[in-house]
Amino acid sequence: AQTVTQSQPEMSVQEAETVTLSCTYDTSENNYYLFWYKQPPSRQMILVIRQEAYKQQNATENRFSVNFQKAAKSFSLKISDSQLGDTAMYFCAFFYNTDKLIFGTGTRLQVFP
Amino acid sequence: GAGVSQSPSNKVTEKGKDVELRCDPISGHTALYWYRQSLGQGLEFLIYFQGNSAPDKSGLPSDRFSAERTGGSVSTLTIQRTQQEDSAVYLCASSSPRDTITYEQYFGPGTRLTVT
């Protein structure tokens, strides 16, 4: 069975600085998808970034980028130039042909002015 | 266009009562998912619909939980004889058949259920 682990329950960062959120997963599959979702206090889950496992190139979306290490089963999220609006819960999620997302327990990120 | 909507936004019920939670997916999205988010926890998969069929019900925690989807659109999650451990945020998501490359799921704002 696939599992997703986020070992940092809480993180904080100063505005304009860079922060990295960690995620590891366990699977025996070769082709799968990984996601980072953001959940602000409004509860609305918002997709931040996705990575296809068959792609070696790390995904980037503006200030958000990932460090995908397939062999190590690691999928960290880097947020550059942090903004106050980045304050939220961040969830790492795994998807493989089972039509359901498997989520980690989340990291609460606080951005301070 | 409109996103996924859920109702009610918040629901407080007494232990032992039945509750119904509603999800309206994005128009045209054939896949619909229910997840549960307990306090301080990640999201836990409950059930998945493809059209009106539910090929994966593996996440339903007990036979008090059931869900249906009609017309390939609206879905209702029903919890019978609610217990305090059912208190959580229930999230619904949908995805488009055209998203077989991205597999992106679009989430609703959730229903916060409190069982007293």
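The values are calculated or read from the model by the stated rules, or taken from the named source; none is laboratory data. For clarity, every value in this text was computed on a predicted model and none was experimentally measured. For neighbour counting, all protein chains shown are included, and Cβ atoms are generated from backbone atoms with ideal geometry for every residue, glycine included.
Return yes when residue A:61 is under 14 Å from the mean Cα position of the chain (by Cα), surrounded by 13 or more Cβ atoms within 10 Å (Cβ to Cβ), on the phi < 0 side of the Ramachandran plot and acidic (Asp, Glu) and no when it is not. No; evaluated as a whole, the condition is false for this residue.
Does residue A:70 count as surrounded by fewer than 19 Cβ atoms within 10 Å (Cβ to Cβ), over 25 Å from residue B:44 (Cβ atoms), within 14 Å of chain B (Cβ to nearest Cβ) and more than 12 Å from the chain's Cα centre (by Cα)? No, not satisfied.
Filtering A:2, A:14, A:51, A:56 for residues that are within 17 Å of residue A:112 (Cα to Cα) and of a type in the set (S, T, N, Q) leaves a single hit, A:14.
Here the condition is being touching a residue at least 12 places away in the same chain (Cβ under 8 Å), more than 12 Å from chain A (Cβ to nearest Cβ), of a type in the set (D, E, K, R) and crowded, with 16+ Cβ neighbours inside 10 Å; of B:69, B:36, B:64, it holds for B:69 alone. Residue A:81 satisfies every condition listed in (1) free of Cβ contacts under 8 Å to residues at least 60 places away in the same chain; (2) more than 14 Å from chain B (Cβ to nearest Cβ); (3) at positive phi except (1).
Take residue B:58 and tell me if it is within 14 Å of chain A (Cβ to nearest Cβ) and among the hydroxyl-bearing types (Ser, Thr, Tyr). Full working, then the answer.
Working: within 14 Å of chain A (Cβ to nearest Cβ): yes; among the hydroxyl-bearing types (Ser, Thr, Tyr): yes.
So residue B:58 fits the description; yes.
Let me confirm something: among B:43, B:32, B:91, which residue is touching a Cys at 6+ places or on another chain (Cβ under 7 Å) and under 20 Å from residue A:33 (Cβ atoms)? When all the criteria are applied, what remains is B:32.
Examine segment B:90-110 for a residue that is under 23 Å from residue B:17 (Cβ atoms), away from every other protein chain (no Cβ under 13 Å) and out of contact with any helix residue (DSSP H, G or I) (no Cβ under 8 Å at 6 or more places or on another chain), and state whether such a residue exists. Within segment B:90-110, none of the residues are under 23 Å from residue B:17 (Cβ atoms), away from every other protein chain (no Cβ under 13 Å) and out of contact with any helix residue (DSSP H, G or I) (no Cβ under 8 Å at 6 or more places or on another chain).
If only residues of segment A:1-48 that are surrounded by fewer than 16 Cβ atoms within 10 Å (Cβ to Cβ) and at the interface with chain B (Cβ under 9 Å from one of its Cβ atoms) are counted, the one that is modelled with the lowest pLDDT is A:42.
Per the listing B:57, B:11, B:17, the residue uniquely under 30 Å from residue A:53 (Cβ atoms) and of a type in the set (Lys, Arg) is B:57.
Which of the residues spanning segment B:39-58 are surrounded by fewer than 18 Cβ atoms within 10 Å (Cβ to Cβ) and more than 11 Å from the chain's Cα centre (by Cα)? Show your work before the answer.
Kept after step one, since they are surrounded by fewer than 18 Cβ atoms within 10 Å (Cβ to Cβ), are these residues of segment B:39-58: B:39-41, B:44, B:50-53, B:55-58.
Within segment B:39-58, B:39, B:40, B:41, B:50, B:51, B:52, B:53, B:55, B:56, B:57, B:58 meet the criteria.
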